[in-house]
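A quick write-up on the structure given underneath.
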Amino acid sequence: MGMFKPLLPFDSTTLIERAIANAEYGCDVVVVVAGHRGDELAEHLALNKRHEPRPQLRVVFNHDWERGMLSSIQRGAREVETEYFFVAPADMPYLTPEIYTEMASRPPRFAAFPQHKGRCGHPVLVSSVLIPALLEADSDALGSMRRFLAQYPTETRSLTTDAIFIDLDTLEQYHGAQP
């Protein structure tokens, strides 16, 4: 994309602030894993606390961010102190509080994906029983959380929204998604 996505303006905030605001409805603690330009992201979040009271927000750093998203998920998983946790990219601004609430209403044995029209999306709800295996997983060999979860029986939760797929990976997608 050529731009630092988390800090791109979105509606009256930024993509990362929107992601946090949506996630906080389904989470007591929101963990943001900062990689590339992590100091800039952490500084932005420290300066822009939009509303109080806010669930606990933790910014942690993945110094191995070049190894891919699975390494960032592994870094975030080290912070989990609850029975379940969500995995959601910051560039998916339409993951509404209702999506998080619906997913959290039925915790899975291992993991659950939201599904719509036969396709799986985000956020993924993961049981903490997988954390030890996740932390030992070779992120270079597996490459993705989806591949890691493929080793376990996962569940789906039928939702009626395309929002679970809307990922802003390109400038065209970003400009087309502006409210």
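The values are calculated or read from the model by the stated rules, or taken from the named source; none is laboratory data. These numbers come from a predicted model, not from an experiment. Neighbour counts run over all protein chains shown; Cβ positions are idealised from the backbone, glycine included.
Just the residues that are in contact with a Leu (Cβ under 9 Å, 6 or more places away or on another chain), surrounded by fewer than 18 Cβ atoms within 10 Å (Cβ to Cβ) and among the hydroxyl-bearing types (Ser, Thr, Tyr), please, taken from the range 5-40. Hits for the range 5-40: nothing passes. Scanning the range 57-66 for residues that are crowded, with 16+ Cβ neighbours inside 10 Å and either more than 28 Å from SER12 (Cβ to Cβ) or at pLDDT 95 or above (or both) yields ASN62, TRP65. Based on what the data block shows, is PRO123 at pLDDT 95 or above, under 20 Å from GLN56 (Cα atoms), crowded, with 21+ Cβ neighbours inside 10 Å and not aliphatic (A, V, I, L, M)? So PRO123 fits the description; yes.
Candidates VAL32, VAL87, VAL80: the one that is modelled with pLDDT of 90 or more and in contact with a His (Cβ under 8 Å, 6 or more places away or on another chain) is VAL87.
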